[in-house]
Amino acid sequence: MRIYASAVVTVRREMNASAAAVWAVLADGWLYPSWVVGASRMREVDPAWPGVGAQLHHSVGTWPLLVNDTTTVHVCVPKRELVLRGRAWPMGGAEVRLTLEEQGGGCEVVMSEEARSGPARLIPPPARSALIGPRNTETLLRLAYLAEAESR
């Protein structure tokens, strides 16, 4: 796994699961808090998830400091790419791009995150990478556990 210090924080993980198995986890909105670090509970999943414009209604943080949040799909190419826009006020909004590429018997997942609005944009890129990179590395590890279990 590599983390790059730039405005866009990118992490990668090779998974012992097919792109279809990884996509099955991504396409089940109710699993979102199971693999996204910081998401703590689901409140609602739009029936059209993960179609463009569909939203997840979830909470971020831990009790009693929970913030209700939404994440919206901006791009959806099944089994290949999912681009999400999330809000987490007071920190601001972010765009997260997940790309899946079949590799041998598995799949490489690349996750890129960019602060799009709010105070998070003021954090210098090296500090942003130091904060977001490890969180997203753990996020991909959790996604791998779920997808690899799905593959069995």
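The values are calculated or read from the model by the stated rules, or taken from the named source; none is laboratory data. Keep in mind that this is a model prediction, so the values were computed, not measured. Cβ coordinates were reconstructed from backbone atoms using ideal geometry, including for glycine residues, and neighbour counts include every protein chain displayed. Ligands, DNA and RNA are excluded from the accessible area calculation, which covers all protein heavy atoms including side chains. Shrake-Rupley method; radii C 1.70, N 1.55, O 1.52, S 1.80 Å.
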Can you run phi through the Karplus equation (6.51, -1.76, 1.60; θ = phi - 60°) for the range 25-38 and list ³J(HN,Hα) in whole Hz, with x for Gly and Pro? 5, 4, 6, 9, x, 5, 7, 2, x, 6, 10, 8, 5, x
More than 29 Å apart - percent of Cα-Cα pairs taken over the chain: 11 percent
Where nothing but the Cβ of Lys and Arg (+1) and of Asp and Glu (-1) is charged, how large is the charge dipole of the range 61-147 around its Cα centre, in debye to the nearest 20? 260 debye
Could you pull out every residue, at least 5 positions away or on a different chain, whose amide H is within less than 5 Å of the one on VAL37? Hs are placed 1.01 Å off N in the peptide plane, and Pro or chain starts have none. THR139
Expected max-MSF residue from PRO126, PRO64, PRO33 in the GNM of the chain (alpha carbon, under 10 Å) is PRO64
Which loop-located chymotrypsin sites (Phe, Trp or Tyr not before Pro) does the range 1-108 contain, where loop means any DSSP state but H, G, I, E or B and the Cβ has at most 16 other Cβ atoms within 10 Å? TYR4
Cα gyration tensor of the range 3-52 - equivalent ellipsoid semi-axes, whole Å, descending: 22, 16, 12
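Let me have the relative contact order for the chain, percent, based on Cα pairs under 8 Å that are six or more residues apart.
31 percent
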Quick one: what do you get for the range 1-85 if you divide its Cα Rg by 2.2 N^0.38 Å? 1.16
Between VAL37 and VAL77, how many nm apart are label points set 7 Å from Cα along the C-beta direction? 2.7 nm
Under unit Cβ charges (Lys, Arg +1; Asp, Glu -1), what dipole magnitude, rounded to 20 debye, does the chain have relative to its Cα centre? 380 debye
Sort out for me the Cα centre separation of the range 2-76 from the range 121-152, rounded to whole Å. 11 Å
Between ALA149 and ARG121, what is the label-to-label distance in nm when each label sits 7 Å out along the Cα-to-Cβ direction? 3.8 nm
The answer for ALA17, listing residues at least 5 apart or on another chain whose modeled amide H is closer than 5 Å to its amide H, is CYS107
For the full complex of protein chains and a 1.4 angstrom probe, list SER34, SER112 by accessible area with the highest value first. SER34, SER112
Which is farthest toward the positive dipole end of the range 33-118 among LEU82, VAL109, THR71, measuring Cα position about the Cα centre, with Cβ charges +1 (Lys, Arg) and -1 (Asp, Glu)? THR71
Using a basic spin-label model with each label point 7 Å from the Cα along Cα→Cβ, how many nm lie between THR62 and GLN103? 3.3 nm
Going highest first, how would you order 9-21, 39-51 by mean Cβ packing within 10 Å? 9-21, 39-51
Taking +1 at the Cβ of each Lys and Arg and -1 at the Cβ of each Asp and Glu, which of TRP23, VAL37, PRO50 sits farthest along the dipole of the chain towards its positive end, judged by Cα position relative to the Cα centre? VAL37
Contour minus Cα-Cα span, ASP46 to VAL8, at 0.36 nm per residue, comes to 10.9 nm
